[in-house]
């Protein structure tokens, strides 16, 4: 036990920056390992429906994710004549309202109109 | 910044991806992987064309690698001067550059996708170590093709789960990179330890053994 410790001490005395960098790399690896474990749990426990709607998504992105026709969604949020590539954030700005309001309307609409999934994920 | 880039991605598509992957290969802090995942999703939704997205990302990444490699080449003279100084550090540097010239293609290939945060630094190092351009380019093209296929494919295949998928992937990449750096530094420390042992033995001292 004493010899490995003596070797470590010698490396510490002569090569301090390398030892510090290695300890930092190991600490980073442990941090990311814990994160991956937590994210993996989130992934396994994620709800059956698609992931939450984000402001950067387009109407067609949401439609495809929730298996609903894009035209139904554009009607529901009051944007009959839209450029399909506009994000929800840009659409909300055009309508002069906060994007959170638009997403809330969209979620209410999808809660009624999206087709049911067969079974919860991870089962 | 990620939100803003994602918002303009459907409008600028392949051109934006080209720029993003190019800059990310030069160590700029740009979320290239999440952009490719989202682009795969936009392609499935019909907002972008899948092969345009893949080609844009691939061309940008390969151009970025080439730029990084040639920037590294500018440092060749400095590396050669350090190698010519003599002594243990210079010897270690000579061995490292020699190893890069002989086996660097694998480092280039794996640092494109498996430990992608290290990719830009491998580009600079490969250039500075005078690695052969053909070997570098082959490793770069193969690795970048894998990177683009994995991330764009993931986005296309699981577009409705991007919000859950991306953090998992990002932390997984971080873990791989941290382990790779720790292993490389561990090897370096092991060689230094052996050098101390040899030095102590040649002076007739009792060498410290690791086992």
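The values are calculated or read from the model by the stated rules, or taken from the named source; none is laboratory data. Predicted, not measured: the structure shown is a model, and the values here were computed from it. Cβ: placed from backbone, ideal geometry, glycine included. Neighbour counts: every protein chain shown.
One table, with the values for the structure above:
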item: The lone exception for residue A:3 - which of (1) within 9 Å of chain B (Cβ to nearest Cβ); (2) at pLDDT below 90; (3) in contact with a helix residue (DSSP H, G or I) (Cβ under 9 Å, 6 or more places away or on another chain) it fails; result: (3)
item: Search result, residues across the range B:1-34 that are in contact with a helix residue (DSSP H, G or I) (Cβ under 6 Å, 6 or more places away or on another chain) and not in a helix (DSSP H, G or I); result: B:25, B:26, B:27, B:30, B:31
item: Enumerated helices (runs of 4 or more DSSP H) restricted to the range A:37-101, each holding at least 3 residues that are within 22 Å of the chain's Cα centre (by Cα) and either surrounded by 14 or more Cβ atoms within 10 Å (Cβ to Cβ) or within 13 Å of another protein chain (Cβ to nearest Cβ) (or both); result: A:59-66, A:88-95
item: Some residue of the range B:152-159 being away from chain A (no Cβ under 14 Å) and under 30 Å from residue A:63 (Cα atoms); result: yes
item: Candidate set from the range A:7-21 (those that are loosely packed, with under 15 Cβ neighbours inside 10 Å and within 15 Å of residue B:184 (Cα to Cα)); member that is modelled with the lowest pLDDT; result: A:17
item: Helices (runs of 4 or more DSSP H) fully within the range B:111-211 counting 3 or more residues that are under 20 Å from residue A:15 (Cβ atoms) and free of Cβ contacts under 8 Å to residues at least 40 places away in the same chain; result: B:162-202
